[in-house]
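Heads up, the thing below is written out as structure tokens.
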Amino acid sequence: APPRREEDVIVFSGNLEYSPNVSAVRYFRDEIWPELRARWPGLVWRLIGKNPQTVAKITSGDSRIDLAGPVADAVSELARAKVAIVPVLAGSGTRVKIVEAWAAGVPVVSTRVGAEGLPARAGEHLLLADGAPGFRDAVSSLLASPELRDRIGRAGRYLFECEFTWEAAWKCLQFLDPATMERSDALRD
């Protein structure tokens, strides 16, 4: 994992012109951010990813929203945040934003849709919250507790190492002998 250099930041990452991400940014900006902003006076919301111009109008006018745009190393950038947010309400895909946050050791708050299909347990590897009040409360609970951030972040990183690295992928492969279509003895442990 990259070194954690926590700043007073929550982060959203992804392709910022992908329609479900645009909707997530709008939802968070309108329904969740105002109350978090008021409760946590030093907090900054950073958005990283390509095509930032697509959400610039949604995020403009707030000096505590940092539209960082594309970055050279997303995992290192994520490692600077206290919390990664995934307020996605629709869409499908590979859930890269959560996997990258786990790689960075950053605790995640996601909607159920945003984490759909991942082998994660709510309350252990990430916090799940549907609806603005629950999402605000989940983010606030992580901001208020370094211990909870550390526990959820470490559990997410462990899940990443077990499920999403090349080493983990190789362990899942079963090499078959093409002549017999049975597992090759030469590659058994």
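Seen from V11, the other residues with C-beta closer than 14 Å to its C-beta sum to a net charge of +1, counting Lys and Arg as +1 and Asp and Glu as -1.
Rolling a 1.4 Å probe over the heavy atoms of the protein chains gives segment 1-123 an accessible area of 44 Å² per residue. Calculated FRET efficiency, D130 to D30, Cβ-Cβ distance, R0 = 22 Å: about 0.85 to the nearest 0.05. Contact order for segment 1-105, expressed relative to its length and based on alpha carbon pairs under 8 Å spaced 6+ residues apart, stands at 41 percent. For segment 38-168, the share of alpha carbon pairs falling in successive 5 Å distance bins from zero is 2, 10, 19, 23, 23, 14, 6, 1, 0 percent. With R₀ set to 30 Å, the beta-carbon distance separating R39 from E17 gives a calculated FRET efficiency near 0.50. Peptide packing for 136-147, 31-42, 6-17 was compared via the average number of neighbouring C-beta atoms within 10 Å per residue; ordered from the highest value, the list is 6-17, 136-147, 31-42. Each Lys or Arg adds one and each Asp or Glu subtracts one; over the other residues with Cβ under 13 Å from the Cβ of G61, this totals +2. Within the shell defined by Cβ-Cβ distances under 11 Å, the residues around L128 carry a net charge of -1, with Lys and Arg each +1 and Asp and Glu each -1. Compared with the direct C-alpha span, the chain from C162 to E147 gains 3.2 nm at full extension, assuming 0.36 nm per residue. What share of Cα pairs, in percent, lie more than 19 angstrom apart in segment 1-76? Taking all Cα-Cα pairs of segment 1-76, the fraction more than 19 Å apart is 33 percent. In segment 93-167, carbon and sulfur make up what percent of the accessible area (probe 1.4 Å)? Reported share for carbon and sulfur atoms: 53 percent.
The values are calculated or read from the model by the stated rules, or taken from the named source; none is laboratory data. What you are looking at is a predicted structure, and each value in this text was computed from that prediction instead of being measured. Neighbour counts are summed over all protein chains in view; Cβ atoms, including those assigned to glycine, are modelled from backbone coordinates with ideal geometry. All accessible areas refer to the heavy atoms of the entire protein, side chains included, with ligands and DNA or RNA removed. Shrake-Rupley method; radii C 1.70, N 1.55, O 1.52, S 1.80 Å.
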